Amino acid sequence: MLLNKDILVPPDPELMGCFGVGLLAKQKLTEGFLTKTSYDLNQILATEIIYEKEFQCKSCDNFCPIRILSVNNHKVHVRWQM
């Protein structure tokens, strides 16, 4: 409304973020900030993801639920959709 423009929201908007990350990674690879490597899909699929806890984000008025996960002993914060 502020821009007086229509906004198109696709049926799976979370995929747009994945697409954007892919474009950014391609750009960073071209600029020399990333190196091309290969991944073992079976190892990725076998990754253990442990749910630790959930809290409510207070950065804006949406109060999104945020889950804290442990992935390969690294803490990951994920906005959780209900």
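The values are calculated or read from the model by the stated rules, or taken from the named source; none is laboratory data. Nothing here was measured: the structure is a model prediction, and the numbers come from that model. All Cβ positions, glycine included, derive from the backbone under ideal geometry; neighbour counts span all protein chains shown. Ligands, DNA and RNA are stripped out before the accessible areas are found, and what is left, the full protein with its side chains, is counted by its heavy atoms. Shrake-Rupley method; radii C 1.70, N 1.55, O 1.52, S 1.80 Å.
Within the stretch 38-50, one or more residues are in a loop (DSSP other than H, G, I, E, B) and among the aromatic types (Phe, Trp, Tyr). Kindly indicate which of Leu34, Leu69 is surrounded by 10 or more Cβ atoms within 10 Å (Cβ to Cβ) and part of a loop (DSSP other than H, G, I, E, B). It is Leu34.
Pairs are defined by a Cβ separation below 7 Å, a sequence spacing of at least 6 or placement on different chains, a first member in the stretch 2-14 that is on the phi < 0 side of the Ramachandran plot, and a second member that is outside any loop (DSSP other than H, G, I, E, B) and at pLDDT below 85; the pairs so defined are Pro10/Met16.
Going through the stretch 45-66 one residue at a time, which ones are within 16 Å of the chain's Cα centre (by Cα), aliphatic (A, V, I, L, M) and open to solvent by less than 100 Å² (accessible area, probe 1.4 Å)? The answer is Ile66, and nothing else.
Phe55 falls short of the stated requirement of being in contact with a strand residue (DSSP E or B) (Cβ under 9 Å, 6 or more places away or on another chain) and part of a loop (DSSP other than H, G, I, E, B).
Kindly evaluate Met16 against the criterion of being under 27 Å from Asn72 (Cα atoms) and open to solvent by 100 Å² or more (accessible area, probe 1.4 Å).
Yes: the conditions hold for Met16.
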